[in-house]
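A.B. asks: Before we start, here is the structure in question, set down as structure tokens.
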Amino acid sequence: MVELEIDAPEPLSAEVIARVAAACDRAEDGEAILRVHLRDRGTFAEEPAEEPGVGVHTVNQWERALRRLERLPAPTLAVVHGYCAGLALEVLLATDYRIAAADARLRVPVRHDGTWPGMALYRLASQIGVAQVRRLALFGVEIDARRATELGLVDEAGRLAELTRTALAVLDGVSGKELAIRRRLLLDATTTSYEDALGAHLAACDRAARRAWEGVSA
């Protein structure tokens, strides 16, 4: 298993981007589960600091790292230990399986002029709908673990030790490459017409059927 840690209050930097890329490299090389720990080393009210000199180029590099994580040919598990905002929230939205401590809190980061307009807003709207996340996305309203579970932002909340065992049991033995194909079909579903999606789904079905036949023949 590959481990990655992201702290809620830490600012965007080249070091964080490199850390995510390195974890993706290890997960791909070992075809292993990537477990991301989203920790709270600050306070619930503390927003991520702004790193001097960070511009749109760095933000673009960060988005590329998230996109790679989102399409990784390996299962990804996010574990929310406390306050989840900023980079931690963005990473959460790019993972497959999400669990949270009972006292976890989620929030889109807020600056002096409003919420941060990054791709977290896009992922929130794509995954659970504009109406469901309007207050969270526009005003930075904080939600607790129970509400996050109701919205589908996390799969389960409670005792992390028990939830982790359950999650790993689900993910253990899952083919990363096959998971990546199905994940891609889901991600494309909201922006692709039925006619355009049909070919990709048929190709995936043909691949699955061939794998099943090869298994029987072997």
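The values are calculated or read from the model by the stated rules, or taken from the named source; none is laboratory data. All values derive from a computational prediction rather than experimental measurement. Here the Cβ positions follow ideal geometry from the backbone for every residue, glycine too, while neighbour counts run over all protein chains shown. All accessible areas refer to the heavy atoms of the entire protein, side chains included, with ligands and DNA or RNA removed. Shrake-Rupley method; radii C 1.70, N 1.55, O 1.52, S 1.80 Å.
A.B. asks: Does the stretch 169-190 contain at least one residue that is out of contact with any Pro (no Cβ under 7 Å at 6 or more places or on another chain) and over 27 Å from ALA74 (Cβ atoms)?
C.D. replies: Looking for residues that are out of contact with any Pro (no Cβ under 7 Å at 6 or more places or on another chain) and over 27 Å from ALA74 (Cβ atoms), one finds none in the stretch 169-190, hence no.
A.B. asks: A follow-up question, please. Show the residue pairs meeting these rules: Cβ distance below 9 Å; 6+ apart or different chains; first residue within the stretch 87-111 and closer than 18 Å to ILE33 by Cα; second residue among the hydroxyl-bearing types (Ser, Thr, Tyr) and open to solvent by less than 10 Å² (accessible area, probe 1.4 Å).
C.D. replies: ALA94/THR76; THR95/THR76; ASP96/THR76; TYR97/THR76
A.B. asks: Still on this model: Can you pull out every residue in the stretch 147-176 that is within 18 Å of GLU3 (Cβ to Cβ) and touching an Asp or Glu at 6+ places or on another chain (Cβ under 7 Å)?
C.D. replies: LEU163, GLY176
A.B. asks: So THR191 ticks every box in (1) open to solvent by 80 Å² or more (accessible area, probe 1.4 Å); (2) within 30 Å of ALA102 (Cβ to Cβ); (3) among the β-branched types (Val, Ile, Thr) but one. Which box is left unticked?
C.D. replies: (2)
A.B. asks: Within the stretch 150-164, track down each residue that is over 17 Å from VAL91 (Cα atoms) and crowded, with 19+ Cβ neighbours inside 10 Å.
C.D. replies: ALA157, LEU160, LEU163, listed by residue number.
A.B. asks: How about the stretch 120-135: which of its residues are open to solvent by less than 40 Å² (accessible area, probe 1.4 Å) and touching a helix residue (DSSP H, G or I) at 6+ places or on another chain (Cβ under 7 Å)?
C.D. replies: Residues satisfying the conditions are ALA120, LEU124, ALA125, ILE128, VAL133.
A.B. asks: While we're here: Among the residues of the stretch 89-96, are any in contact with a Gly (Cβ under 7 Å, 6 or more places away or on another chain) and at pLDDT 95 or above?
C.D. replies: The answer is yes, given that some residue of the stretch 89-96 is in contact with a Gly (Cβ under 7 Å, 6 or more places away or on another chain) and at pLDDT 95 or above.
A.B. asks: Are there any pairs with C-beta distances below 9 angstrom linking a residue in the stretch 152-178 that is in a loop (DSSP other than H, G, I, E, B) to a residue that is of a type in the set (S, T, N, Q), with the two at least 6 apart or on different chains, and if so which?
C.D. replies: The qualifying pairs are GLY152/GLN127; GLY152/GLN132; LEU153/GLN127; ASP155/THR149.
A.B. asks: Could you look through the stretch 23-59, keep only residues that are under 19 Å from LYS177 (Cα atoms) and open to solvent by 30 Å² or more (accessible area, probe 1.4 Å), and pick out the one that is modelled with the lowest pLDDT?
C.D. replies: Residue satisfying both the conditions and the ranking: GLU31.
A.B. asks: Looking at GLY114, GLY176, which is the one that is open to solvent by 20 Å² or more (accessible area, probe 1.4 Å) and modelled with pLDDT under 95?
C.D. replies: GLY114
A.B. asks: Determine which single condition VAL141 fails, assuming it passes every other condition in (1) in contact (Cβ under 8 Å) with a residue 12 or more places away in the chain; (2) assigned to a helix (DSSP H, G or I); (3) closer than 29 Å to PRO11 by Cβ.
C.D. replies: (2)
A.B. asks: Can we say ASP196 is closer than 21 Å to ARG71 by Cα, open to solvent by 80 Å² or more (accessible area, probe 1.4 Å) and charged (D, E, K, R)?
C.D. replies: When the stated conditions are applied, ASP196 passes them.
A.B. asks: Could you tell me whether ARG184 is touching a Lys or Arg at 6+ places or on another chain (Cβ under 8 Å) and open to solvent by 80 Å² or more (accessible area, probe 1.4 Å)?
C.D. replies: So ARG184 passes the test.
A.B. asks: Sticking with this one: Give the residue that is farthest from VAL170 (Cα to Cα), with candidates limited to residues of the stretch 66-90 that are small (Gly, Ala, Ser) and crowded, with 21+ Cβ neighbours inside 10 Å.
C.D. replies: GLY86
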